[in-house]
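Q: Attaching a single structure in structure tokens format; questions to follow.
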Amino acid sequence: MTSDSFLEKDLMAVSTQQSLEQANRLNWWTSVCQRLWPLSTSGDGNCLLHAASLGMWGFHDRLLTLRKSLHAFLSQSPRLEALWRRWRRQQSALNSQAGLVYSEVEWRREWNAIVSMASTEPRLRRPSIASDHSGEVAGAVYESLEEIHVLALAHVLRRPIIVVADTMLRDMNGEPLAPIPFGGIYLPLECSPSECHRSPLLLAYDGGHFSALVAMDTPADSTVVLSSAIPLVDASHDLLPIQFSIDPGDREDYGEKLELSQPDCVGLLKEYLDVLTIDLHEGEGLAKNLGKLGSIGKSVGQKLRLKLTRSNSQRGSKPTGILCAQLHTDKRHEYHDAMINNYLHTARLRFNQQQDQLYKEGSMDMAPRYGAGNSQFYAEADLASHERVSQLTPVKAVTNTDETVYLCNSTFYQPSELCRAAGCSFFGNPQTQNYCSKCFRELLQCK
């Protein structure tokens with residue numbers, strides 16, 4: 001395993017990425033918008049809050065800070081009744097499809113269960129090697145959360161949340177089994193837009209598990225300029241569902257027949273998000289042409305895209321591009337760089353330990369490697385050249401019988417006597433029968 005593949009496996013939820021890309025739910029927009037990557041997230045039932053914490057701050061919700069806030073909101077918030085009405089209306093529509101009818105007691109029992117799910121009390125505790133000597137067992141598992149908890153979290157954070165997910169759960173043959181209701185846009189509708197953060201938090205949902213979705217840093221000298229944005233439509237250009245978008249108020253039927261029109265949905269999105277329309281064809285050309293201009297090209301590109309958006313809306317014609325929400329990736333935590341450096345340091349140590357362990361177990365690739373001093377990073381040899389060198393006939397090393405002490409590779413040494421050739425004033429060498437090199441060469445030529 002190379003260091004790059006180690007980092008990819010350590011950081012990325014590769015199976016989630018492959019699953020959502022194959023379903024054409026993720027990264028179908030890479031010609032005009034940045035590619036997004038799902039981060040590997042702990043699966044202990046608290047993955048929704050772990051993913052949210054990773055997406056915002058770069059670490060898991062180990063101290064259950066977000067989960068405590070979520071439970072407090074669902075238990076004590078003055079906005080609780082509005083969330084109850086929105087949830088009941090949407091759940092009623094799902095129940096009617098399944099032929100279910102709840103009584104008032106059952107509705108309240110279901111809601112109490114939803115509030116209880118968000119508790120910080122673990123559902124169970126599993127044995128762990130990390131248990132301390134006091135006998136307390138580590139490794140808590142918490143109740144998994146539902147769509148209404150994502151909406152409540154959007155209100156806790158006062159920030160829109162977009163969940164990228166497939167629409168159907170499928171079997172191993174790709175046949176649909178059941179709908180997946182998590183995908184869509186969650187807006188903090190009970191909060192004033194002026195009090196909310198306008199850059200959405202991005203999450204991926206696959207296989208009953210949430211992951212944070214993040215973009216990579218774009219090098220300053222990059223030749224491709226892609227928008228820091230995420231589409232608000234799917235690959236068919238249909239608007240993503242706005243979850244729990246209608247508050248039925250005091251209606252007895254809980255607004256069963258209420259629906260938002262397409263313009264109403266777009267208007268609602270524009271209240272909470274910085275929305276722009278990117279033309280697919282012009283966006284591709286814009287990326288190629290403005291990429292040569294570096295940071296200036298990025299600035300100009302955003303202005304041109306906004307101009308395209310305004311001109312499309314003024315003409316009143318059907319938009320030819322994709323509706324996107326802008327991501328404000330320029331705002332970072334003050335410890336962002338220090339956290340990355342700390343991670344890379346620990347990742348290198350873990351990679352080296354893994355390589356050493358594989359070498360001891362004999363499962364590492366045994367191709368010849370040549371070390372670079374004391375470094376633990378190696379370069380692979382050219383196998384063809386190595387084979388040719390291995391086939392050469394071994395030559396016995398020459399035994400040096402000269403006991404003279406030489407100074408490194410210098411020609412200065414302490415001889416025992418002069419050259420044995422008559423009239424020669426040079427010193428002899430025991431290895432040349434006590435002749436000097438010149439007389440010994442002449443002797444060989446005469447023979």
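Only the coordinates and a few stated rules stand behind these numbers; no lab work does. Just so you know, these numbers come straight off a predicted model, no measurement behind them. Ideal geometry is used to build each Cβ from the backbone, glycine not excepted, and the neighbour counts take in all protein chains shown.
Q: Multiply the residue gap between Asn352 and Asp274 by 0.36 nm, knock off their C-alpha separation, and tell me the result in nm, one decimal place.
A: Going from the current span to full extension adds 23.6 nm.
Q: Per residue of the range 42-51, in order, report the coupling 6.51 cos²θ - 1.76 cosθ + 1.60 (Karplus, θ = phi - 60°) as ³J(HN,Hα) in whole Hz, putting x for Gly and Pro.
A: 4, x, 10, x, 9, 5, 4, 6, 4, 5
Q: For a quick check: with amide H placed at 1.01 Å from N, whose amide H comes under 5 Å from Val214's, ignoring anything fewer than 5 positions away on the same chain?
A: Trp37, Leu39
Q: Rounded to the nearest 0.05, what FRET efficiency is calculated for Ala93 and Ser5 with R0 set to 60 Å and r the Cβ-Cβ distance?
A: Here the calculated transfer efficiency is 0.85.
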